[in-house]
Amino acid sequence: MLHLFKNKLFLLLIATIIIFTVIGISAQQNSSINKFSSVFSVVMSPLQQFFSFSGQKIEGSLTFFNDIKALKKENDDLKATVDQMQKDNRELAVYKEENQKLKETLNLKDEFNDYDFVGANVIAKDPGNWFNVFRIDRGGSDGIGNDFPVITSSGLVGRVINPDPTSSKVVSIIDVDSVVSGIISKNRYVVVVKGDITLKDQGLCRMDYIPAEADVEVGDTVETSGLGGIFPKGIIIGRVKAVSQSTSELDRYAVIDPAVDFKRLEEVFILKNKTNNTGIGSAQK
C-alpha cells in the first residue's frame, strides 16, 4: 500500500515537473511548442473561416426564406383585399345603375300618372341580334291586354300583341309591323315612325310623312304624339340619325336611332291604364 502511494506521489511529481517545464519553454519567444501552435493555427484558420462563413450563409438563407414567407403572406393578404374591393365596386356600380333606373322610372310615373307600371322580364326573342319581336313574362292573368304600350326608362319599346295567361309577345318599333304616330319635339310637326326591312338589322327605324315645311336636322328628338289611341303622348321614340334630301313630302324621310337599345333588352315596363283595364288600343277598337 505504501509502495502504491509512493508511486502515485512520484507520478504526480513527474507530471508537475513536465507542466512547469512546458510553461517555461512556452514563455520563450522561439519555443518549438509556440512554433507548432502557430503552424496548427495557420492550418486550422481556413477551416475555421469556412465554418464561420458557412454558418453566416445558413443563417442568412434562413432569414431570406423567412422574409419570402412573410412577403408571400403579405401579398396574399393584399390580393384578397384588392379582390374584395373590386367585388364591392362591382356591387356598388350595380346598385348605382339600379338606383338610376328607379329614379328614371319614377320620373316616368310622375309624367304618366294615369297608368300603372307593370314590370316584366324578357324571356325569349325571335332569332337574330335585335329584339324586334320578343316575349315577356306577363300576360292576361296580370291584366295585360292587346296593344298595351311597352317602354323602358330610356323610351318607347313597342306594344303588346297576343297575350296568353302567363306571357305576351311584344312588337318593337323597329319591326316592319310597327307604326307609331310621332311628333318632332322642337317644332311639333306630326310624323309617322315605322319599322323598315332594310333598317331593322341595324336597330333603326324610319320617319315618314314629314311636312315639306318642317325643319328636320340630325339630332332632333322625336316622341309619341298621343294620336292613334295606343301610345300616350310624350314618350321618347328616338333621335334623327339621317335625313333624305328630297323636298317632296311623299318622298322625304329620316332615319331614326331609337332611344332604347334593341340589342340589349332584359326588363321592360307595360303601361296599364288605371281607368281601363282592357288597354287604350283595345278599348278604342
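Here, each number is a calculation from the coordinates, and none is a lab measurement. Remember, it's a predicted structure, so these values are computed and weren't measured experimentally. Please note: Cβ atoms are built from the backbone with ideal geometry, for glycine as well, and neighbour counts cover all protein chains shown.
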Dividing the surface of the Cα convex hull of the stretch 112-284 by four yields a projected area in nm² of 9.4
When F262, F117 are arranged by how many other beta-carbons sit within 10 Å of their Cβ, fewest first, they go F117, F262
Under the rule rounded for a/c under 1.5, else prolate if a/b exceeds b/c, else oblate, using alpha carbon gyration tensor axes a ≥ b ≥ c, the stretch 155-227 is classed as prolate
The summed charge of the V180 Cβ neighbourhood (under 14 Å; Lys/Arg +1, Asp/Glu -1) stands at -2
Listing L199, L227 by rising number of other beta-carbon atoms within 10 angstrom, fewest first, gives L227, L199
